[in-house]
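First comes the structure, then the notes that go with it.
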Amino acid sequence: MGSIIIYFYYHYALVKNILFLFLTIALLLLLSKNSLAQETSRVHYITAKEYIKKDSLNLALIELDSAIKLSPKFSAPYALKGEIFELRKEDRKAIGQYSLAILYNPNKASIYLKRAALHYKLKDHRNYLLNDVNEAIRIEPTNSDLFELKAFYYAHTLNPKSLKRDFKNAILALNQAIALNPKNGRYYNNRSDYKLKNKQNLSSLIDINKAIELDNTKDSYYHQRAVVRFVMEDFRSSLNDISKAIEINKNSIIYFQLRGNVYYNLKRYEQAYQDYSTCIDLIFKDIIKSKSEIKPNNPLNLKLRQTLLLRGMSLVHGNKPYDGCDDFNRALQMGESKALNYINQFCN
């Protein structure tokens, strides 16, 4: 009886060991197969990137589909497909691919930011893009630029309750950016802009002074301070700042237009006329560069019409009404409806 028990035990142990060995081999084969699939998937992914460099987007998509088929949870191919759809201006499809990339790798900030940028471009509800930026901040909580981006989205999208741009929250987001990096002048410049738009003029001036203190080489900072001082009706100080901005950058349309406005408010009409004329010359240069038909709703057309009205007013107040009326008529011919009011008031 004892020998039978020993015999049975021996064979049971043998079968158990064989079964364990079989399962181990099967697992190793499965792991080897998965590893091979992952490596092959990466080869397809790398090949797709090379095709993109050659602008062969269709071939790249084929490679990426092959990569996904072999390794469905590999997030990178989905993200790259999103980039291809962006290049093709198929933004909704791009969002779908970025969403899949996030599903399989929820800890990559750059993908959230790509998706947020598309939601902004498509004018989707602002919660979509703010949620994405918040996820990026969760991943990179010390990245001050992410708080700056969050501020931008608050300032350039509508609050669903008030249907107005949300400068208050934009300022709060920039407060966080500055707390993380208090030596970045751009943050103070942007906060100055948002505070000015939120009617916090004095606080706006303090911020732009700080930006210039940190970096006195940026023409955009001097322009911002000129705008703040213009709104505060400190035209002489505004003139100094905008002239400094022009000294650094002599090719900005908005700089010459602002200085023209400053001169106009100082009743220095001849200098205003000269700056508006420079502004018009720069607009024409941009029109020539565009090499396309300038329709009435084109931003360059709008800038030109508005500047013609401004220059016309400087001529009228500078005792050259006929020349001023010529500018009003040119603006009218270009589709500027306001020009008719100027003509009726000053030219009849």
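The numbers here are math on the coordinates, done by the rules we state, and not lab data. Treat the numbers as computed from the prediction; the structure is a model and nothing was measured. All Cβ positions, even for glycine, are placed from backbone atoms using ideal geometry, and neighbour counts span all protein chains on display.
Taking the criterion of being surrounded by fewer than 17 Cβ atoms within 10 Å (Cβ to Cβ) and under 23 Å from the mean Cα position of the chain (by Cα), the only residue of the stretch 189-214 that qualifies is Lys197.
Yes/no matrix, rows are residues, columns are (1) more than 18 Å from Asn190 (Cβ to Cβ); (2) surrounded by 18 or more Cβ atoms within 10 Å (Cβ to Cβ):
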site: His223; (1), (2): no, yes
site: Val228; (1), (2): no, yes
site: Glu233; (1), (2): yes, no
site: Lys250; (1), (2): yes, no
site: Asn261; (1), (2): yes, yes
site: Glu270; (1), (2): yes, no
site: Cys279; (1), (2): yes, yes
site: Leu282; (1), (2): yes, yes
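Every residue, every condition in (1) in contact with a Leu (Cβ under 7 Å, 6 or more places away or on another chain); (2) among the aliphatic types (A, V, I, L, M), yes or no:
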position: Thr278; (1), (2): no, no
position: Phe284; (1), (2): no, no
position: Gln306; (1), (2): no, no
position: Leu315; (1), (2): no, yes
position: Asp327; (1), (2): yes, no
position: Asn341; (1), (2): no, no
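Report whether or not Gly335 is surrounded by 12 or more Cβ atoms within 10 Å (Cβ to Cβ) and outside any helix (DSSP H, G or I). Here the answer is yes, as Gly335 does meet what is asked. Considering the stretch 266-324, and only residues there that are among the acidic types (Asp, Glu) and under 36 Å from the mean Cα position of the chain (by Cα), the residue that is nearest to Glu233 (Cα to Cα) turns out to be Asp275. Looking at Lys73, Lys49, Lys69, just one residue is over 24 Å from the mean Cα position of the chain (by Cα), in a loop (DSSP other than H, G, I, E, B) and basic (Lys, Arg), and that residue is Lys73.
Taking every residue in the stretch 206-219 that is among the acidic types (Asp, Glu) and pairing it with any residue that is assigned to a helix (DSSP H, G or I), at least 6 positions away or on another chain, the pairs with Cβ-Cβ distances below 6 Å are Asp207/Tyr188; Asp207/Arg191; Asp207/Ser192; Asp215/Gly185; Asp219/Ala245; Asp219/Ile248. Scanning the stretch 136-166 for residues that are crowded, with 19+ Cβ neighbours inside 10 Å and more than 27 Å from Lys183 (Cβ to Cβ) returns a single hit, Thr157.
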